[in-house]
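Each remark here refers to the structure printed beneath this line.
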Amino acid sequence: MERKFNKAVTFSYDDGVLSDEKLASIFNRYGMKCSFNLNSGLYPTEPFIYDNHFTVYRHKSAVQPFYQGHEICMHGTKHLNPVGLSDAELDIEFRDDKTALERAFGTEIIGGAYAYGAYDDHAVEYLRNLGIRYCRTVEASRSLQVTGDLLKLKPTCHHKDEVLFDLIDEFLKTEADTPQILYIWGHAYEFDGDENWERIEKACSLLAGKPDVLYGTNTEVFRYFGLI
Ligand SMILES: [Zn+2]
């Protein structure tokens with residue numbers, strides 16, 4: 001059967017922070033779908049400082065109504081760097097995070113993002129055995145192709161990437177007959193700290209309402225193209 005779409009846009013935002021609510025409302029307004037990577041063991045927690053000047057707070061509970069319509073993914077129970085963790089430590093950091101988020105949201109978790117973008121072969125194989133189908137790194141591909149091991153998933157770019165709007169332009173102009181995926185990631189608190197919410201507004205407004213583009217969560221897009 002022929003596919004209706006060969007182009008898709010998807011987003012991935014980390015850490016379950018207060019600013020996720022504003023970001024989700026922007027995505028909703030433009031019909032965009034995001035996969036939110038949450039840490040089940042960090043609610044409530046101490047705030048942290050972004051870029052030396054902006055204080056970031058997480059929600060007291062992972063379960064927030066504004067996530068509805070988007071995807072919930074795992075980001076590690078305590079946001080530990082996964083590199084060098086033992087199986088027992090990965091049980092707590094990954095397995096328990098998956099279980100807790102599944103219980104909290106009543107949904108199966110099959111995706112995630114590595115805390116700090118960090119991973120090693122042990123962590124990758126642990127996630128594969130756990131039934132996680134993809135896990136995002138922070139290595140920008142600056143391309144519209146999603147290839148290779150999805151447990152070492154490379155996003156197209158971060159929202160701050162200087163080539164973001166060039167890539168959006170390329171994506172919109174492409175007359176694709178093979179899958180083209182624009183995959184943007186970041187942290188919602190960066191828009192507060194950097195005072196550049198207009199950047200995501202502009203990206204969404206450029207991308208919105210195209211009849212040849214699928215707007216989906218990570219899982220929806222990867223399933224649509226048969227990647228998972
Ligand atoms: Zn994080």
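For residue 61, state whether it is away from the ligand (no atom under 14 Å from the Cβ) and closer than 23 Å to residue 19 by Cα.
Details: away from the ligand (no atom under 14 Å from the Cβ): yes; closer than 23 Å to residue 19 by Cα: yes.
Spelling it out, residue 61 is indeed away from the ligand (no atom under 14 Å from the Cβ) and closer than 23 Å to residue 19 by Cα.
Anything in the range 8-32 that is assigned to a helix (DSSP H, G or I), among the charged types (D, E, K, R) and under 23 Å from residue 60 (Cβ atoms)? List them, or say none. Even if it seems obvious, please write down each step before you answer.
Filtering the range 8-32 for residues assigned to a helix (DSSP H, G or I) gives 20-30.
Still in the running and among the charged types (D, E, K, R): 20-22, 29.
Those that are assigned to a helix (DSSP H, G or I), among the charged types (D, E, K, R) and under 23 Å from residue 60 (Cβ atoms): 20, 21, 22.
Hey, among 160, 173, 152, which residue is among the charged types (D, E, K, R), farther than 24 Å from residue 24 by Cα and touching a strand residue (DSSP E or B) at 6+ places or on another chain (Cβ under 8 Å)? Spell out the reasoning first.
Values: 160 fails: farther than 24 Å from residue 24 by Cα; 173 fails: touching a strand residue (DSSP E or B) at 6+ places or on another chain (Cβ under 8 Å).
From the options 160, 173, 152, the qualifying one is 152.
Taking into account only those residues within the range 110-119 that are among the hydrophobic types (A, V, I, L, M, F, W, C) and within 16 Å of the ligand (Cβ to nearest atom), which is surrounded by the most Cβ atoms within 10 Å (Cβ to Cβ)? Spell out how you get there, then give the answer.
Taking the range 110-119 as the starting set, the residues that turn out to be among the hydrophobic types (A, V, I, L, M, F, W, C) are 110, 113, 115, 118.
From the residues that got through so far, the ones that are within 16 Å of the ligand (Cβ to nearest atom) too are 113, 115, 118.
Working: 113: 27, 115: 22, 118: 14.
The qualifying residue surrounded by the most Cβ atoms within 10 Å (Cβ to Cβ) is 113.
Taking residue 15, is it loosely packed, with under 14 Cβ neighbours inside 10 Å, of a type in the set (D, E, K, R) and within 15 Å of the ligand (Cβ to nearest atom)?
Details: loosely packed, with under 14 Cβ neighbours inside 10 Å: no; of a type in the set (D, E, K, R): yes; within 15 Å of the ligand (Cβ to nearest atom): yes.
So residue 15 does not fit the description; no.
Go through the range 64-73 and give me each residue that's over 11 Å from residue 16 (Cβ atoms) and either within 16 Å of the ligand (Cβ to nearest atom) or buried (at least 18 other Cβ atoms within 10 Å of the Cβ) (or both).
Taking the range 64-73 first, the residues over 11 Å from residue 16 (Cβ atoms) are 65-66, 68-71.
Once the filter is applied, which keeps residues that are over 11 Å from residue 16 (Cβ atoms) and either within 16 Å of the ligand (Cβ to nearest atom) or buried (at least 18 other Cβ atoms within 10 Å of the Cβ) (or both), the range 64-73 yields 70, 71.
Quick grid of which residues meet (1) closer than 30 Å to residue 173 by Cβ; (2) within 16 Å of the ligand (Cβ to nearest atom); (3) free of Cβ contacts under 8 Å to residues at least 40 places away in the same chain; (4) open to solvent by 10 Å² or more (accessible area, probe 1.4 Å):
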position	(1), (2), (3), (4)
25	yes, no, no, yes
48	no, yes, yes, yes
51	no, yes, no, yes
77	no, yes, yes, yes
86	no, no, yes, yes
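Kindly indicate whether residue 58 is modelled with pLDDT under 95 and exposed (fewer than 15 other Cβ atoms within 10 Å of the Cβ). Show your work before the answer.
Values: modelled with pLDDT under 95: yes; exposed (fewer than 15 other Cβ atoms within 10 Å of the Cβ): no.
In short, no.
What pairs come up if the first residue lies in the range 101-117 and is among the charged types (D, E, K, R), the second is open to solvent by less than 10 Å² (accessible area, probe 1.4 Å) and outside any helix (DSSP H, G or I), and their beta carbons are under 8 Å apart, counting only those six or more places apart or on different chains?
102/109
Select, from 100, 123, 104, the only residue that is closer than 25 Å to residue 221 by Cα and within 16 Å of the ligand (Cβ to nearest atom).
Values: 100 fails: within 16 Å of the ligand (Cβ to nearest atom); 104 fails: within 16 Å of the ligand (Cβ to nearest atom).
Going through 100, 123, 104 in turn, the sole match is 123.
Taking into account only those residues within the range 196-228 that are in contact with an Asp or Glu (Cβ under 9 Å, 6 or more places away or on another chain), assigned to a helix (DSSP H, G or I) and open to solvent by less than 50 Å² (accessible area, probe 1.4 Å), which is farthest from the ligand (Cβ to nearest atom)?
Among those residues, the one meeting the criterion is 219.
Take the conditions in a helix (DSSP H, G or I) and buried (at least 21 other Cβ atoms within 10 Å of the Cβ) and apply them to residue 91. Does it pass?
no
The values are calculated or read from the model by the stated rules, or taken from the named source; none is laboratory data. Quick caveat: nothing in here was measured; it's all calculated off a predicted structure. Please note: Cβ atoms are built from the backbone with ideal geometry, for glycine as well, and neighbour counts cover all protein chains shown. Keep in mind that these areas ignore ligands, DNA and RNA; they rest on the heavy atoms of the full protein, side chains included. Shrake-Rupley method; radii C 1.70, N 1.55, O 1.52, S 1.80 Å.
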